[in-house]
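Right, one structure below, let's go through it.
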Amino acid sequence: MKVVRYRDLVIEQKAQQRDLDPIASGRCLAEAQRAGAFDLPLMDHRLKQFIARVDLVHATLPELEFPRFDAEAVTACLGRAFKGLSLVKEAQAAPLMAAFHQHLAQGQVSWLDELVPLSIPWPAGGSLKISYAGESPEVQVKLHECFALTEHPTLCEGRLPVLLILCTPDGKKLATTKDWPAFVIREWPKHRQAVAKKFSGLLWR
């Protein structure tokens with residue numbers, strides 16, 4: 001207990017806090033969070049997408065030596081983000097993205113946007129967002145907007161096909177494919193008559 005006096009008058013008293021090792025305290029909070037002791041609101045969709053993208057490059061292009069985000073790596077990144085903190089509420093408010101970027105070598109973060117971008121241009125116009133939430137990167141697109149494709153979209157320098165979730169014009173899922181040219185030849189004839197009849201105002205191949 002720290003007590004501040006002026007003669008016999010107690011002006012202030014408070015518990016004296018021991019000096020904490022900033023690295024050890026951050027690591028302790030990180031391990032507690034990973035064990036489920038508290039939620040982390042800033043471990044959000046954007047950060048999870050970043051982790052998934054790095055892991056995809058690691059698996060698809062191992063020669064580029066992108067480090068995988070295994071359990072130990074995630075804990076280490078959280079430990080960096082929580083460095084010097086001692087309270088759960090401080091950890092929950094701590095920015096995380098910069099600490100996760102530090103897991104990569106210099107230049108790899110910007111390279112990531114070329115290998116596994118957040119969106120891809122679409123020949124029908126504009127661009128489509130890519131989701132990295134599943135086992136494969138995927139794009140949801142209306143089927144009739146795919147007929148302008150001359151080849152199937154890929155990532156990671158052509159090695160990783162994007163999963164196309166093909167939808168009818170009213171947004172209902174119809175089929176999926178990782179090979180659009182093959183889908184047009186083998187699968188589309190099975191759906192064409194029913195789809196073209198229901199959506200007769202559109203041109204279908």
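The values are calculated or read from the model by the stated rules, or taken from the named source; none is laboratory data. Note that the structure is a prediction, hence the values are computed from the model and not measured. No Cβ is skipped: glycine too gets one built from the backbone with ideal geometry, and neighbour counts run over all protein chains shown.
Can you find, within segment 179-200, the residue that is modelled with the highest pLDDT among those that are exposed (fewer than 11 other Cβ atoms within 10 Å of the Cβ) and within 24 Å of Pro153 (Cα to Cα)?
Ile185
Quick one: in segment 45-78, which of the residues that are of a type outside the set (A, V, I, L, M) and in contact with an Asp or Glu (Cβ under 8 Å, 6 or more places away or on another chain) is surrounded by the fewest Cβ atoms within 10 Å (Cβ to Cβ)?
Arg68
Going residue by residue through segment 93-102, is there one that turns out to be within 20 Å of Cys156 (Cα to Cα) and over 15 Å from the mean Cα position of the chain (by Cα)? So that I can check it myself, show each step before the final result.
Taking segment 93-102 as the starting set, the residues that turn out to be within 20 Å of Cys156 (Cα to Cα) are 101.
With the extra rule that they be over 15 Å from the mean Cα position of the chain (by Cα), the set shrinks to none.
No, there is no match, as no residue in segment 93-102 is within 20 Å of Cys156 (Cα to Cα) and over 15 Å from the mean Cα position of the chain (by Cα).
Quick check on my filter: what residues within segment 66-92 are among the acidic types (Asp, Glu) and over 19 Å from the mean Cα position of the chain (by Cα)? Don't jump to the end; show me each part of the working.
Let us first name the residues in segment 66-92 that are among the acidic types (Asp, Glu), namely 70, 72, 90.
Residue satisfying the conditions is Glu90 alone.
Which residues, taken from segment 79-93, are modelled with pLDDT of 95 or more, part of a loop (DSSP other than H, G, I, E, B) and buried (at least 19 other Cβ atoms within 10 Å of the Cβ)?
Phe82
Within segment 140-159, does at least one residue satisfy the condition of being of a type in the set (Phe, Trp, Tyr) and either closer than 12 Å to Leu56 by Cβ or under 19 Å from the mean Cα position of the chain (by Cα) (or both)?
No, segment 140-159 contains no residue that is of a type in the set (Phe, Trp, Tyr) and either closer than 12 Å to Leu56 by Cβ or under 19 Å from the mean Cα position of the chain (by Cα) (or both).
Could you grab me the full set of residues in segment 116-142 that are part of a loop (DSSP other than H, G, I, E, B) and not small (Gly, Ala, Ser)? Break it down into steps so the answer makes sense when it comes.
So the first thing to find is which residues in segment 116-142 are part of a loop (DSSP other than H, G, I, E, B), and the list is 116-118, 122-126, 130, 132-137.
Scanning segment 116-142 gives Val116, Pro117, Leu118, Trp122, Pro123, Ile130, Tyr132, Glu135, Pro137.
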